[in-house]
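Colleague: Before anything else, here's the structure in question.
The values are calculated or read from the model by the stated rules, or taken from the named source; none is laboratory data. Just so we're clear, the structure is a prediction, and the values are computed from it rather than from any experiment. A quick note on method: Cβ atoms are made from the backbone with ideal geometry, for glycine too, and the neighbour counts reach across all protein chains shown. We work out accessible area using only protein heavy atoms, side chains counted, and drop any ligands, DNA or RNA first. Shrake-Rupley method; radii C 1.70, N 1.55, O 1.52, S 1.80 Å.
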Amino acid sequence: MLRIALLTYSTKPRGSVIHTLELANALHQLGHSPTVFALDKDSTQENSGFPRPTPFKTIPIPAQPCNDGIEQLIYQRIQEFVAFFQQHTETYDIYHAQDCLSANALAALRTAGHIPHFIRTVHHIENFNSPYLQACQEKSIYQPDRCLCVSQLWQNALQQDYGIAAHRVTNGVSDRFSPHPDHTDRLLAKKLNSLSHPLYLTVGGIEPRKNSLNLLRAFAQVKQHQPTAQLLIAGGATLFDYQDYRQQFFTLARSYALQDSLLLPGVIDDPDMPALYRLADAFVFPSIKEGWGLVVMEAIASHLPVLTSNHPPFTEFLTPEMAVLIDPSNVQEIATGMLKLTSGKHLSKVQQSQTAPSVYPSSLAVQSWKTSAVQHLQLYRQLI
């Protein structure tokens with residue numbers, strides 16, 4: 001049995017955080033002892049910690065407010081990880097960072113002799129204007145004893161841009177995402193209030209790499225053909241301040257008079273996420289940059305017709321038969337694709353066969369968290 005410390009930057013459900021929790025659960029089911037450590041901005045509030053109970057141990061690390069800019073915030077978050085582990089008495093066979101912050105912290109702890117080695121999963125790589133943030137990112141890539149990634153796209157980038165031969169591990173999709181309704185659907189619909197159709201769903205908040213402005217422009221065109229359409233944008237918890245971009249988004253929404261057609265519930269409670277997919281008519285995700293796209297897999301598992309970008313990593317696991325693949329820079333193409341999703345003329349093979357699970361796309365059938373955990377264990381054992 002391996003004792004595994006998994007570190008993630010937040011207790012709020014975002015892609016890499018969900019990856020961490022699902023990986024820990026699969027490792028636990030295989031008989032190992034994972035502990036998930038996460039920075040927690042709500043440590044003094046009732047909703048502190050992770051959004052769902054887990055069969056494995058989780059330890060929230062209090063994260064204090066910081067109003068001194070993004071560089072100071074990143075420095076403080078790294079130090080909060082470091083300070084916690086300097087006092088933490090338990091030791092682990094594996095220390096595994098899931099992001100830049102925790103990787104920088106583990107690098108400092110290794111240099112100080114507190115840990116023997118560490119692994120980092122690179123979900124995606126940002127382009128920072130700040131020299132400090134860029135240096136933090138590069139350190140988090142160069143310093144680990146082993147780098148992992150979840151797609152061929154980033155495996156290639158690490159090789160070409162950093163000279164690092166990263167090991168690829170798969171993501172999975174949880175079986176809690178399905179087309180079968182339960183009591184949570186009705187409760188969430190009541191909570192969201194005044195849903196109309198067609199309801200287009202996207203997850204990830206309003207930010208540049210989610211391509212939110214072009215999605216909004218496309219939705220304005222969709223409204224000309226579907227006056228009752230709504231766009232629901234779920235999520236938004238992130239370390240970075242995209243206030244300028246968000247301001248552009250809301251200014252554009254007002255110019256199109258779309259305020260009443262946008263639903264912005266913020267971060268949806270994690271137990272409600274399966275119901276959220278089932279309430280929607282289509283999933284739209286014209287993202288510019290992703291590590292993999294867990295939410296796309298969750299939408300497909302929920303039998304939603306999907307629109308996403310026609311480039312990696314999406315094209316690593318999707319085909320035109322499974323989703324509408326568009327050029328994310330082309331607003332007209334996004335709009336046309338959205339209309340296809342709800343016209344009845346283009347439904348994914350998964351949605352067309354909701355009563356026939358045997359035709360579930362083979363590329364998703366192999367995407368289990370158990371498979372991912374087994375891959376991780378092989379690499380963990382090689383390291384130790």
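Colleague: Take the cross-link list LYS41/LYS139; LYS191/LYS289; LYS57/LYS191; LYS12/LYS223; LYS210/LYS340; LYS190/LYS289 and give me the ones stretching past 28 Å between alpha-carbons.
Modeller: LYS191/LYS289; LYS57/LYS191; LYS12/LYS223; LYS190/LYS289
Colleague: Sticking with this structure for a sec: Where nothing but the Cβ of Lys and Arg (+1) and of Asp and Glu (-1) is charged, how large is the charge dipole of the chain around its Cα centre, in debye to the nearest 20?
Modeller: Using only the charged Cβ atoms, the result is roughly 480 debye.
Colleague: Which order do the peptides 30-41, 297-308 come out in when sorted by mean C-beta neighbours inside 10 angstrom, highest first?
Modeller: So the peptides 30-41, 297-308, ranked by packing, come out 297-308, 30-41.
Colleague: What are the residues whose amide H is under 5 Å from the amide H of PHE50, where those residues sit 5 or more places off or on another chain and H is modelled from the backbone?
Modeller: Answer set, sorted by chain and number: none.
Colleague: Using only alpha carbon pairs under 8 Å that are at least six residues apart, calculate the relative contact order of the chain and give it in whole percent.
Modeller: 16 percent.
Colleague: Would you please give the residues with an amide H less than 5 Å from that of GLY291, counting only those at least 5 places away or on a separate chain, with H modeled from the backbone geometry?
Modeller: It is none; the list stays empty.
Colleague: Out of all DSSP beta bridges with both ends in the chain, state the antiparallel percent to the nearest 5.
Modeller: Antiparallel bridges: around 0 percent, rounded to the nearest 5.
Colleague: Please list the equivalent ellipsoid semi-axes of the stretch 159-231, computed as the square roots of five times the alpha-carbon gyration tensor eigenvalues, in descending order and whole angstrom.
Modeller: Computed over the stretch 159-231, the values are 33, 23, 10 Å.
Colleague: I'd like to know which of GLY31, CYS100, ILE59 lies farthest towards the positive end of the charge dipole of the stretch 1-105, counting +1 on Cβ of Lys and Arg and -1 on Cβ of Asp and Glu.
Modeller: Most positive-ward Cα: GLY31.
Colleague: Please work out the C-alpha center-to-center distance from the stretch 181-242 to the stretch 285-338 and express it in whole Å.
Modeller: The distance from the Cα centre of the stretch 181-242 to that of the stretch 285-338 comes to 15 Å.
Colleague: If you don't mind, there's one more thing I want to ask. Determine ³J(HN,Hα), in whole Hz, for all residues of the stretch 91-108 in sequence, where each value follows from phi through the Karplus function 6.51 cos²θ - 1.76 cosθ + 1.60 and θ = phi - 60°; x replaces Gly and Pro.
Modeller: 3J(HN,Hα) across the stretch 91-108, in whole Hz: 10, 9, 6, 9, 10, 10, 8, 9, 6, 5, 4, 5, 5, 5, 5, 5, 4, 5.
Colleague: So what J values fall out for the stretch 218-229 if you push phi through Karplus, 6.51 cos²θ - 1.76 cosθ + 1.60 with θ = phi - 60°, rounded to Hz, Gly and Pro as x?
Modeller: So the J values, rounded to whole Hz, are 5, 4, 4, 5, 4, 4, 5, 9, 10, x, 8, 5.
Colleague: I've got another one for you. Peptides 317-327, 185-195: what's the order by average Cβ count within 10 Å, highest mean first?
Modeller: Top to bottom by mean Cβ count within 10 Å: 317-327, 185-195.
Colleague: Moving on. Calculate the tail of P(r) for the chain: the fraction of all Cα-Cα distances greater than 30 Å, expressed in %.
Modeller: Distances greater than 30 Å cover 40 percent of the Cα pairs.
Colleague: Just name one of LEU304, ILE268, PRO286: the one whose Cα is farthest towards the positive end of the charge dipole of the stretch 268-316 (beta-carbon charges, Lys/Arg +1, Asp/Glu -1).
Modeller: Of LEU304, ILE268, PRO286, it is PRO286.
Colleague: Accessible area of TRP292, 1.4 Å probe, to the nearest 10 Å²?
Modeller: Rounded to the nearest 10, the figure is 10 Å².
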